[in-house]
1. Can you give me the number of residues within segment 187-227 that are more than 31 Å from the chain's Cα centre (by Cα) and either small (G, A, S) or in a helix (DSSP H, G or I) (or both)?
2. Of these, G30, G38, which one is assigned to a helix (DSSP H, G or I), modelled with pLDDT under 85 and either under 19 Å from the mean Cα position of the chain (by Cα) or in the same structural domain as F200 (by TED's automatic domain parsing) (or both)?
3. Find all pairs meeting these conditions: Cβ atoms under 7 angstrom apart; at least six residues apart or on different chains; first residue within segment 364-387 and over 15 Å from V479 (Cβ atoms); second residue of a type outside the set (D, E, K, R) and at pLDDT 90 or above.
4. Output yes when any residue across segment 145-159 is more than 14 Å from M85 (Cβ to Cβ), of a type outside the set (G, A, S) and in a loop (DSSP other than H, G, I, E, B), and no when none is.
5. Mind checking which residues of segment 474-517 are among the charged types (D, E, K, R) and either outside the structural domain of T381 (by TED's automatic domain parsing) or not in a loop (DSSP other than H, G, I, E, B) (or both)?
6. Checking the condition in a loop (DSSP other than H, G, I, E, B) and at pLDDT 85 or above, which residue from E366, E303, E377 passes?
7. Just checking, how many residues over segment 370-391 are within 29 Å of the chain's Cα centre (by Cα) and surrounded by fewer than 16 Cβ atoms within 10 Å (Cβ to Cβ)?
8. From the set of residues in segment 94-129 that are touching a residue at least 60 places away in the same chain (Cβ under 8 Å), part of a helix (DSSP H, G or I) and of a type outside the set (A, V, I, L, M, F, W, C), which is farthest from V69 (Cα to Cα)?
Amino acid sequence: MATESAGLGTRFRTTASKIFERREGSVLVGLIAIFFVGVYIDASRFLLLDNMARILRSASTTAIIGYGVALLMVTGEFDLSVGSMYGVAAGIGAILIGGDAFGFSPLFVVTVVLVFSVIFGVTQGLVVTKLKLPSLIVTIGTLTLLRGVHRILIGGTTASAGDVGLLKWLGGPIILADMPILSGPITYQVPFVHAEVKTFDQFSIMIVWIFVLLAVFHYILHYTRFGLHARATGDNIESVETTGIDPEIVKLGCFGLAGLTAAFAGLAFLGRFGSVSSGSGSGLALVVIAAVVLGGTKLTGGEGSMVGVLFGALVLATANNVLALAGLNVSGWQGVITGGFIIAAIGLDVILKGFSYDLLRAWYAEPLGNLVRSPREFFRTRAEQKTTDDMFGFLVLTVGVTAVATNVLAWLLGNQTVDSVVGLGVREFKLFLLGGWPETVAQVYLFLMLMALVAYAAIEIAAQAVDSPGDYEDTLVTVCYGLAAAPLFAIPIVMVGYDIFFLVSPIVSALFVSVPILLVIGWTMYAGVAERHELPRSRSLIVVATAMVFWLVVAGIVAAGLSTG
């Protein structure tokens, strides 16, 4: 019996679904996307081996601490004190090696600091397990405690270790010319990118430790009895206790390992710089947790991925590197991007349960297709099946598509070759705020969310005034799916940003171009009001007209403000 091979489209969808079902796959795709952004911004600098090594070195601290934190989070516990332990370990090391009253050998100091970190981690675990206190609260306390100890140790300034000796093997550089298999620096040239030959002569040994510890912790998590017990503890602690596994012992061990990795990273930092300041490690714990959760470790425990931790750390490090190439590393965007990744990581774990191709299709592609074919039919037969997650998912993805479309169109018109053909003579892109794509995304988000909120308020007020039998969920589904045509706003938004106009001013011209888009949105919302609020044609038109009036009022206020600004 002959069998037909699956079509190309089917195979692609199946492959994409399998990739996105695993968080590591999703993060890897994100990492590749950020990589291409870096190539686009400045390929000649981004594709240097020195820059690739810089990214890996930047990710090393997050990844090394993340391995221990991920193992702990697999058991369902947290440790927010790892950043402070990182600073304290470096501070103790600097004092014991370089202090006038001590001057111990680096090997002895490394042993003392690592043992101290394990004891401290186990002590935290005892407080959590024996007193039945939330680890989140306990480690917030120990975070503050260790931060105070750190400042007391180094006197609020800096502490130097002098000759770090052995610590260079934790965080110092590896000189390629000193390696027996190489006679000197590596020379290379990326075709079509570099006009001259480049050299690569050294990299941080922390890059080596990333992969060594990755192999160690991956083995512990997936191939040892301890790792199995850790996953079982986080998955269902009640059933674990009936199988003879002691979850408290498992958690104590994981707390100790989390402290150990934090101290190791702190000593590596000392080995690299030879000194430590009072602010070392501040805010590091949140970045580590972002990388861990982004990489696939569940906040609720039971599942984790060490490879995912590395990918998560690389995403954060590469994003910050790209921001530096774009000249945004001192503008506050580094904190914005890191904070955004933290929110995204938590959201992926708690709300989305992991991004997937099927979720994207169910939330956006299928509803959009149905709305394009027949808005009335969509609101009559399908809208009632949509949950609030579906509604907000469609709205957020609509905002995302609009932001991407706006930036792509702005990039095309801003390209010198395209501009010479079109002949618009565009200058610097500016909306309310002068800036690049991050500012544009933020402003598009605020614009569409304001539009949705105004429409929701208007429809609720008008629907109640005409005695609609519908409720707030009917209004919500009408507004969220009614904005399906919003990506078309990319055209008038770019007109405003580039001062392109054919009537009076860019604002007036953009409003003129927006009229047909608003009519499409109005028609879609009319279908939603008529079907979900069960109103006759005349009353449905009154409700939608009220929303239009509200929009015009807000647009008038904005236009007046811009004209006087």
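1. Number satisfying all stated conditions: 2.
2. Only one candidate passes the filter, namely G30.
3. Filtered contacts from segment 364-387: Y364/F394; Y364/L397; L368/A484; N370/F378; R376/A527; R382/N370.
4. yes
5. D474
6. E303 is the lone residue from the list that is in a loop (DSSP other than H, G, I, E, B) and at pLDDT 85 or above.
7. Total satisfying the criteria: 3.
8. Across segment 94-129, the extreme among qualifying residues is G98.
The values are calculated or read from the model by the stated rules, or taken from the named source; none is laboratory data. Keep in mind that this is a model prediction, so the values were computed, not measured. Glycine gets a Cβ as well: all are built from the backbone with ideal geometry, and neighbour counts include every protein chain shown.
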